[in-house]
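Trainee: Okay, handing you the structure first.
The values are calculated or read from the model by the stated rules, or taken from the named source; none is laboratory data. Owing to the predicted nature of the structure, the values given are computational and were not obtained by experimental measurement. Methodologically, a virtual Cβ is constructed for each residue, glycine included, from the backbone with ideal geometry; neighbour enumeration extends over all protein chains shown.
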Amino acid sequence: MGRRIVRRLALAAVCLAALAACVVNLSFDLDQPGVPLVTATAGAASTSTLIDLGNSNDIRTHRNDIRSLDLESLDVTITEVKQDNLAHNLSGTLTLRRDLGDPSTEVKVGDLQSFPVLAQSTKRIKGNPAVDAFLLERLQDGGKFYAIVSGTTDGATDIVFDLLLHASMGYDTGLF
């Protein structure tokens, strides 16, 4: 009987040790709504928006214990096509930048090729390791960065879009 108790206690100790060293993975979304893109004519188009990882409750809750931060994908959705819009199609690139005025801090998320300018039109861009490293670095240094969409349109453009980041983080449980 005594050996069973010892085995059970040993098993319980191993389980607790594994739990103490456990990293939990948590998926979350971070929405950046209402980003305008306006051009007077066809041609070059660009817009940027400040993103703050601290706006996520999940990030705030686990900030000091986060060990990894990965962008699974990012959805670009046109939520409004204004009356003055003449564009039917846009193409461009989505990048992230630590400092808006310093292109050397830029990392490419992906391309928006042949994106139809229609309300609720959506393009999904998959994350990549360079973006993951960028996000973790930004988290450790205040959590703010810029998302930049730059490219071309085929007409005067007046639209609004949302950026929806689908991400996951790995954080220490902090039980012990």
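Trainee: Restricting to segment 140-171, name every residue that is surrounded by fewer than 19 Cβ atoms within 10 Å (Cβ to Cβ), of a type outside the set (Ser, Thr, Tyr) and closer than 12 Å to ASP70 by Cβ.
Mentor: HIS166, GLY170
Trainee: So, one more: For segment 47-71, enumerate the residues that are within 15 Å of GLN140 (Cβ to Cβ) and without any contact (Cβ under 8 Å) to a residue 24 or more places away in the chain.
Mentor: ARG60, ASN64
Trainee: Follow-up. Grab the strands (runs of 3 or more DSSP E) fully contained in segment 55-124, keeping just those with 3 or more residues being modelled with pLDDT of 95 or more and touching a Phe, Trp or Tyr at 6+ places or on another chain (Cβ under 7 Å).
Mentor: On the way: elements: 66-81, 89-97, 106-116.
In segment 55-124, the matching strands (runs of 3 or more DSSP E) lie at 66-81, 89-97.
Trainee: While we're on this one: If the requirement is being without any contact (Cβ under 8 Å) to a residue 24 or more places away in the chain, on the phi < 0 side of the Ramachandran plot and out of contact with any Gly (no Cβ under 9 Å at 6 or more places or on another chain), which of these qualifies: SER104, SER121? Reasoning before the result, please.
Mentor: Details: SER121 fails: without any contact (Cβ under 8 Å) to a residue 24 or more places away in the chain.
Answer to the selection: SER104.
Trainee: Restricting to segment 69-80, and then to whatever is surrounded by fewer than 18 Cβ atoms within 10 Å (Cβ to Cβ) and under 17 Å from VAL149 (Cβ atoms), can you tell me which residue is nearest to the chain's Cα centre (by Cα)?
Mentor: From segment 69-80, those surrounded by fewer than 18 Cβ atoms within 10 Å (Cβ to Cβ) are 72-73, 75, 77, 79-80; that's our starting set.
Remaining after also requiring under 17 Å from VAL149 (Cβ atoms): 73, 75, 77, 79-80.
Working: SER73: 7, ASP75: 9, THR77: 14, THR79: 18, GLU80: 21 Å.
Top of the filtered list is SER73.
Trainee: May I pose another question? Determine whether segment 128-144 contains at least one residue that is under 18 Å from THR77 (Cα atoms) and out of contact with any Phe, Trp or Tyr (no Cβ under 7 Å at 6 or more places or on another chain).
Mentor: Residues of segment 128-144 under 18 Å from THR77 (Cα atoms): none.
No, segment 128-144 contains no residue that is under 18 Å from THR77 (Cα atoms) and out of contact with any Phe, Trp or Tyr (no Cβ under 7 Å at 6 or more places or on another chain).
Trainee: Also: Scanning for something surrounded by fewer than 18 Cβ atoms within 10 Å (Cβ to Cβ), within 17 Å of SER168 (Cβ to Cβ) and among the small types (Gly, Ala, Ser), does segment 81-103 turn up at least one residue?
Mentor: Looking through segment 81-103, none of the residues is surrounded by fewer than 18 Cβ atoms within 10 Å (Cβ to Cβ), within 17 Å of SER168 (Cβ to Cβ) and among the small types (Gly, Ala, Ser).
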